[in-house]
1. Need one number: the % of Cα-Cα pairs in the chain sitting beyond the 34 Å mark.
2. Taking a ≥ b ≥ c as the square roots of the Cα gyration tensor eigenvalues, with a/c under 1.5 meaning rounded and otherwise prolate when a/b beats b/c, else oblate, which class fits the range 185-283?
3. Per DSSP H run of at least 4 residues, take -39500 (n - 2.57); add these up for the chain, divide by its residues and hand me the 222 nm value, nearest 500 deg cm²/dmol.
4. Determine, from the Cβ-Cβ distance of Asn60 and Arg240 and an R0 of 22 Å, the FRET efficiency 1/(1 + (r/R0)^6), rounded to the nearest 0.05.
5. How much net charge surrounds Asn237 when only the other residues with a Cβ under 11 Å from the Cβ of Asn237 are counted, with Lys and Arg +1 and Asp and Glu -1?
6. Using 0.36 nm per residue of separation minus the Cα-Cα distance, give me the extension gain between His227 and Arg262 in nm, one decimal.
7. Treating only the Cβ atoms of Lys and Arg (+1) and Asp and Glu (-1) as charged, compute the dipole magnitude of the range 1-128 about its Cα centre; round to the nearest 20 debye.
8. Placing +1 at every Lys and Arg Cβ and -1 at every Asp and Glu Cβ, with all other atoms neutral, what dipole size does the chain have around its Cα centre, in debye to the nearest 20?
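What follows is calculated from the coordinates using simple rules that are stated; it is not laboratory data. Predicted, not measured: the structure shown is a model, and the values here were computed from it. A quick note on method: Cβ atoms are made from the backbone with ideal geometry, for glycine too, and the neighbour counts reach across all protein chains shown.
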Amino acid sequence: MTPLAATTQKYERISLTPTSGALGMEVNGVDLSQPLDDALFAEIEHAFHENLVLVFRNQNIEPQHQLDFTHRFGPSEEHPLGSRRGLDDYPDVMVLENRPGKLGPRNDFWHSDISFGEVPPALSMLYAIEVSPGLADTMFSNMYAAYEELSETLRSFLDGLQAEHNAQTLVTEVPSRVQVTEVPPGVIHPVVRTHPKTGRRALYVNPYYTSHFIGMTKAESAPILEHLYAQATRHENIYRHKWRVGDVLMWDNRANMHYAVRDYDESQPRFMHRTTAAGERPY
Ligand code: OGA
Ligand code: MN
């Protein structure tokens, strides 16, 4: 497949505004409450794979609209460990809720969603229904760039290497966060994965779920992993999203990590609907 980065695509139906130098585009000209014809969807899909994060401002959508849009990319899924509640009528639409008496789920760690699963979701999507302005930003890092900026020697060491990912931290580090009590066995993924849509290679390790390189001890793996995380989370490699009501934001779990800034408490409401579209086993 020809990498998308090597193609030139003119956008006729949408216009894009960069959200940062590292990744992300704000998409103008799309109303997600309306059906998207194939040509319009193709432009959105292309923009997504080129830019890893898309932001649609001022949307006013129902859960079915969010599901319809998600399904254009792949089947939606519930959270595999049940750590997020789904809507009664739409179990695949998960609720992220923070308000007095109901402290929201923590995501203040760099991660790629469900990388502890055999088939992690290709993308995740949040629709912001209620926000506390200026608080609870979400950060995203570009894992293509993180890989490409490494020395050739380190890249060739990492190419072909595998790592174990597991959900142990969900239970042990932040026990108040979720009701997860049983952790599925760890899974093994390539350290550098190939994006099926772009053909590009991205680092696929994260500090929250990756435990060690296969064939190496944890002690041997740790300093190398730390270096990769430091590289991936340099300010220049990050987009920090400031939420507004009506934002629909989607991110590519195959080629980025994200981090939910925890600078708020129960008194500062936040309410979002989250969906994910299934991906493939990383290769
Ligand atoms: C998630 C997540 C970030 C946020 O839902 O997977 O990491 O800012 N959310 O809520
Ligand atoms: Mn997440």
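1. The share of Cα pairs beyond 34 Å in the chain comes to 16 percent.
2. Details: a/c = 1.97, a/b = 1.51, b/c = 1.31.
Prolate shape, in that a/c is at least 1.5 and a/b is the bigger ratio.
3. Result for the chain: -5500 deg cm²/dmol, rounded to the nearest 500.
4. For Asn60 and Arg240, the calculated efficiency is 0.35.
5. Values: positive: Arg234; negative: Glu148, Glu149, Glu236.
Once positives and negatives cancel, what remains is -2.
6. Values: separation 35, 0.36 × 35 = 12.60 nm, distance 2.38 nm.
Roughly 10.2 nm would be gained on extension.
7. Charge dipole of the range 1-128: 480 debye, to the nearest 20.
8. Rounded to the nearest 20 debye, it is 400 debye.
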